[in-house]
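Everything on this sheet refers to the single structure shown next.
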Amino acid sequence: KPLIGVLALQGGVAEHLAALERSGADARPVRRPEELAAVHGIVVPGGESTTMTRLLDTFELYEPLRERLAAGLPAYGSCAGMIMLSGEVLDEGRKPPAVRPLGALDIVVRRNAFGRQVDSFETDLDFAGIPDGPVHAVFIRAPWVEKVGADVEVLATVPDDPDNTGRNEAAGRIVAVQQGPVLATSFHPELVGGDERVHRYFVKIVQARLNTAAQA
Ligand code: GLN
C-alpha cells in the first residue's frame, strides 16, 4: 500500500486523510520534515494559500517540500493546494503576491478567480481519465488555471452555465490538470462523500511510481 501524506498545517486535512484511506492508501498528516521524507506522495489540501505559504516557512517545510517535488514526488493539490503547486500566481491587487508557489506544475493560476457573485458553486463535469460519468465538483473561492505549459494535460474544464443561472463567465475555464505525477483540481472532491474517484486516480499515480521505482 502506498503511504500518502497530507500537508497538515492548515485547511481540509481530515477530509483528504479519510478519502485516501477509502481509496486504498495509508494516509497520515505531515507537519515535519521527517514525516515528509517518509511518504510516497503528498496531498496539499484546500485552505488559504497565503496562510499556507507562511506556515510552510514557520514549520521549515517549504524548502524540503519544494525539493521533494522537484525530485518527482507525486502530489495532488485541491483548491489552495493547486495554487501552492503552481508555477505562478495571479493575485488581483496584490503586488508582490503573498503566495509563494512550489513550482511543481507548469501552470499560471488566478486566485479567487470566479469573482464575488460566483464565489462558490457546484457543478458536474467530465474528468479525463476518470470513468463512470461526470464528477461532482464543489468550488469554494477557487482558483482557475489561466495558462498551461506544453507538458501539462488538461483533465477538466467548467461546462456551459455551470450553476444554471445563465451566467457563463466561467464556462471553459481549466479546473483540473496533470503534469507527470502531479495532479491539481480547483475544486474539492474530498468534500463529496461516497465518490473517491479523484483520490483513487491519485493513488494509482502514486502506486505506478512505486512500481517503477521497484523495477529500477
Ligand atoms: N481562496 C483560497 C486561496 O486563494 C482557496 C480557497 C480554498 O482552498 N477553498 O488560497
Out of all the residues in the stretch 80-96, is one or more modelled with pLDDT of 95 or more and either more than 20 Å from F139 (Cα to Cα) or touching a Phe, Trp or Tyr at 6+ places or on another chain (Cβ under 7 Å) (or both)?
yes
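Hey, could you check the stretch 151-163 for residues that are surrounded by 14 or more Cβ atoms within 10 Å (Cβ to Cβ), part of a loop (DSSP other than H, G, I, E, B) and not hydrophobic (A, V, I, L, M, F, W, C) and say which is farthest from the chain's Cα centre (by Cα)?
Going through the stretch 151-163, the residues surrounded by 14 or more Cβ atoms within 10 Å (Cβ to Cβ) turn out to be 152, 154-159, 162-163.
Pick out the ones that are also part of a loop (DSSP other than H, G, I, E, B) and you get 152, 158-159, 162-163.
Cutting the leftovers down to not hydrophobic (A, V, I, L, M, F, W, C) gives us 159, 162-163.
Working: P159: 20, P162: 21, D163: 22 Å.
Top of the filtered list is D163.
Please state which one of R173, R141 is touching a strand residue (DSSP E or B) at 6+ places or on another chain (Cβ under 6 Å) and of a type in the set (D, E, K, R). Spell out the reasoning first.
Values: R141 fails: touching a strand residue (DSSP E or B) at 6+ places or on another chain (Cβ under 6 Å).
Answer to the selection: R173.
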Subset of the stretch 164-216, residues in a helix (DSSP H, G or I), among the aliphatic types (A, V, I, L, M) and over 17 Å from the mean Cα position of the chain (by Cα), comes to A208, L210, A213, A214
Residues of the stretch 63-92 being more than 15 Å from the chain's Cα centre (by Cα) and within 16 Å of the ligand (Cβ to nearest atom), in sequence order, are L90, D91, E92
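Which residue is farthest from V192 (Cα to Cα), if the candidates are limited to the stretch 118-154 and must be among the small types (G, A, S) and more than 16 Å from the ligand (Cβ to nearest atom)?
So in the stretch 118-154, the residues among the small types (G, A, S) come out as 120, 128-129, 133, 137, 142, 149-150.
Checking which are more than 16 Å from the ligand (Cβ to nearest atom) leaves us with 128-129, 133, 149-150.
Numbers: A128: 18, G129: 19, G133: 15, G149: 30, A150: 31 Å.
The qualifying residue farthest from V192 (Cα to Cα) is A150.
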Here, strands (runs of 3 or more DSSP E) confined to the stretch 1-101 with at least 2 residues that are in contact with a Leu (Cβ under 7 Å, 6 or more places away or on another chain) are 3-7, 26-30, 41-44, 75-78
G115 meets each of (1) within 16 Å of the ligand (Cβ to nearest atom); (2) part of a loop (DSSP other than H, G, I, E, B); (3) at pLDDT 95 or above; (4) not aliphatic (A, V, I, L, M) with one exception, condition (3)
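Name the one entry in R28, R110, R32 that is of a type in the set (K, R) and near the ligand (Cβ under 10 Å from one of its atoms).
Values: R28 fails: near the ligand (Cβ under 10 Å from one of its atoms); R32 fails: near the ligand (Cβ under 10 Å from one of its atoms).
Step by step, each of R28, R110, R32 is checked, and only R110 is of a type in the set (K, R) and near the ligand (Cβ under 10 Å from one of its atoms).
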Contact list, first residue from the stretch 111-137 and within 28 Å of M52 (Cα to Cα), second anywhere and modelled with pLDDT under 95 and of a type in the set (S, T, N, Q), beta-carbon distance below 7 Å, six or more apart or interchain, is A137/T123
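The values are calculated or read from the model by the stated rules, or taken from the named source; none is laboratory data. Because the structure is predicted, anything quoted here is derived from the model rather than measured. Backbone-built Cβ (ideal geometry, glycine too); neighbour counts: all protein chains shown.
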